[in-house]
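**Q** Attaching a single structure in structure tokens format; questions to follow.
The values are calculated or read from the model by the stated rules, or taken from the named source; none is laboratory data. Not measured: the values here are computed from a predicted model. Glycine also receives a Cβ, built like all others from the backbone with ideal geometry; neighbour counts cover every protein chain displayed.
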Amino acid sequence: MHVSSLVLLGILDESEPPKEIVPLTPFGEACSRKDLITIHKILERVGYKDDEDVANELSFQMWTDQLQGTLNSKKHGDSAFHAGEFSKAIDFYTQ
């Protein structure tokens, strides 16, 4: 790998135009410093609530997964019962 001596010495190459520096917003500044307290204050001040629906969606998904598990256990229990495997049926029904 070839690295120019200008780069190694930290000298700016005069042939390249300087890059435009864009000032950061207060939020961007807090993010660049990883200042979680300031980030939290800014989000609270602007009323950030985007993740509230996600929690509800996750909760609903967890509930439907549990319900599906219960239905599957009942179905397996019913199959075991009809096959005369009562011990197995009891195990499925009590899950």
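**Q** Check whether at least one residue in region 61-73 is out of contact with any His (no Cβ under 8 Å at 6 or more places or on another chain), on the phi > 0 side of the Ramachandran plot and at pLDDT below 90, and report yes or no.
**A** No, the conditions are met nowhere in region 61-73.
**Q** Consider region 7-38. How many of its residues are outside any loop (DSSP other than H, G, I, E, B), β-branched (Val, Ile, Thr) and at pLDDT 85 or above?
**A** The total comes to 2.
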